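Worksheet: one structure, shown below.
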Amino acid sequence: MTTLSERQIPLLDLQAQHKQIREEVLAEIVRVVDAQKFILGEDVQKLEAEIASYCGAKYAIGCASGSDALILTLMALDIRSGDKVLTTPYTFFATAGAISRIGAVPVFVDVEEDTFNLDANQVADILASQPKIRAMIPVHLFGGCADMDPICAMAAERGIAIIEDAAQSIGSEYKNRRAGSIGQVGALSFFPSKNLGGYGDGGMVTTNDASLVDRLSALRVHGRTGKYFHQWIGINSRLDALQAAVLRVKFRHLDRWTAGRQNNAERYRAQFAKLSVPVIPSQPTGYQTRHVYNQFVIRCSERDALQSYLKKQGIGSEVYYPLPLHLQPCFSDLGYKKGDFPVSEKLATNSLALPIHAELGADDIDYVADSIRSFYARACGSSQS
Ligand SMILES: Cc1ncc(COP(=O)(O)O)c(C=O)c1O
């Protein structure tokens, strides 16, 4: 008979976060509801200014989701049907889904095992063999930046646009530059589980490129440039005033919450310092000058058994991502097969995200670490302590 632990440590605890800010948020919701102005408007503009400045970008354009931020960006860059866009197969579906949604073709390149991000050496090989690539979408996965210098240099050489998928990485830094300000455009998500999560869907595009701003602003309102006048065919993807008002409250706490995530990551590292399994994310590499730990992902070959064991101990965990994108049924027409991206395929079998959110106490982290230690002591007869 299995005994369920009385202690519960969820992967994410939005209730605990909400309790800290409930009064502030409710006051803002009442204000917006009383004003009865729900779409775009002043709250969205203020949030756009705050996020642009936070990301080190000149401009930010709010929209309905991170997925739409990618789609709008591809449209604004005039990526067309049949154009090729390079990205990673080891990311959330939306990255490649956005490329296909506009009729372009995703070209996948494998990732580095330790950073989970695009392998710049392999990017070079693909660019050399596929001249028709028009844009690249490096993803800053789990809160850590991809190695952007070589990627940007290759893009500049070939006149290729760079769209940073920074959905999981608001505030993350590459050589002291913030995610969303390094490429031509950045896409942010405010999905509730993100480090800055709304009370529903939301997203934002960041850029330093003034020539894209009018177009992006128009594309999110059906390409409208004047009342009932449409310069382009856009989509309906606006950020709600209610979401912007909630996000502005949460934004004031973002750095504190990020510091909480970083402290938790350090505590895990100290706890696991003497273990060889599982593999804990190493200290951010030289170029990752600020990791924001949207996820803390370990690697181990006994992943599924470990996840079941943790569940019995009341510990939430998640597999990001169990099936790399090149093997998804909807992309079968791209012609990829098993074995094409061995690192992504391996990560799909051995990666496991542990609780890392800022509301966890030191004793919670220690409990997770103790549980993992006891799993290895029991399941593997390991002598590690
Ligand atoms: C890497 C990545 N890209 C894009 C998205 C899409 O964001 P949204 O869910 O806001 O559409 C997500 C969201 O999970 C993501 O993790």
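The table that follows gives values for the structure above.
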| item | result |
| --- | --- |
| Where only alpha carbons of the stretch 263-306 are counted, the Rg and the Dmax (Å) | 11.4, 34 |
| Of all accessible heavy-atom area on the stretch 1-137, the percent that carbon and sulfur account for (1.4 Å) | 52 percent |
| Å² per residue, accessible surface of the chain at 1.4 Å | 43 Å² |
| Fraction of beta bridges assigned by DSSP in the chain that are antiparallel (%, nearest 5) | 60 percent |
| Exposed-loop-free span, longest in the chain, where trypsin sites (Lys or Arg not before Pro) count as exposed if DSSP calls them loop and at most 16 other C-beta atoms lie within 10 Å | 275-336 |
| Angle between the chain longest axis and helix 362-379 axis [Cα atoms, degrees, rounded to 10] | 60 degrees |
| Of ASP366, ASP333, ASP114, the one that fluctuates the most in a GNM where the chain has Cα springs shorter than 10 Å | ASP333 |
| Whole-Hz couplings from phi, Karplus 6.51/-1.76/1.60, listed for the stretch 105-112; x for Gly and Pro | 10, x, 10, 8, 9, 5, 10, 7 |
| Estimated D of the stretch 109-164 in µm² per second, where Rh is the Kirkwood radius over Cα pairs and Stokes-Einstein applies at 10 °C, 1.306 mPa s | 140 µm²/s |
| Estimated D of the stretch 249-380 in µm² per second, where Rh is the Kirkwood radius over Cα pairs and Stokes-Einstein applies at 10 °C, 1.306 mPa s | 97 µm²/s |
| Rg(Cα) / (2.2 N^0.38 Å) computed for the stretch 1-53, rounded to two decimals | 1.84 |
| Of GLY144, GLY62, GLY159, the one that fluctuates the most in a GNM where the chain has Cα springs shorter than 10 Å | GLY159 |
| For the stretch 314-385 and the stretch 74-124, distance of Cα centres in Å | 23 Å |
| Over the chain, volume per residue of the alpha carbon convex hull, in Å³ | 148 Å³ |
| Helix 241-251 vs. the chain, principal-axis angle (Cα, 0 to 90°, nearest 10) | 50 degrees |
| Shape call, the stretch 49-128: gyration tensor on alpha carbons, a/c limit 1.5 | oblate |
| Mean Cα-pair separation over length for the chain, i.e. relative contact order, pairs under 8 Å, 6 or more apart, % | 22 percent |
| Nearest-20 debye value, the chain charge dipole, Cβ charges on Lys, Arg, Asp, Glu | 320 debye |
| Between the stretch 228-249 and the stretch 192-210, the Cα center-to-center distance that results, in Å | 12 Å |
| Filter on LYS19/LYS46; LYS37/LYS227; LYS58/LYS346; LYS132/LYS337; LYS311/LYS346; LYS250/LYS311 - keep pairs with C-alpha separation over 27 Å | LYS58/LYS346; LYS250/LYS311 |
| Selection of chymotrypsin sites (Phe, Trp or Tyr not before Pro), the stretch 155-234, meeting DSSP coil and at most 15 other Cβ within 10 Å | TYR228, TRP232 |
| Cut-off 10 Å between beta-carbons: net charge of the residues surrounding PRO278, Lys and Arg +1, Asp and Glu -1 | +1 |
| Computed [θ] at 222 nm, deg cm²/dmol, the chain (DSSP H ≥ 4; -39,500 (n - 2.57); rounded to nearest 500) | -12500 deg cm²/dmol |
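The values are calculated or read from the model by the stated rules, or taken from the named source; none is laboratory data. On a predicted model such as this, the values are computed, not experimentally measured, just so you know. All Cβ positions, glycine included, derive from the backbone under ideal geometry; neighbour counts span all protein chains shown. To get the accessible areas, we keep the full protein, side chains included, count just its heavy atoms, and leave off ligands, DNA and RNA. Shrake-Rupley method; radii C 1.70, N 1.55, O 1.52, S 1.80 Å.
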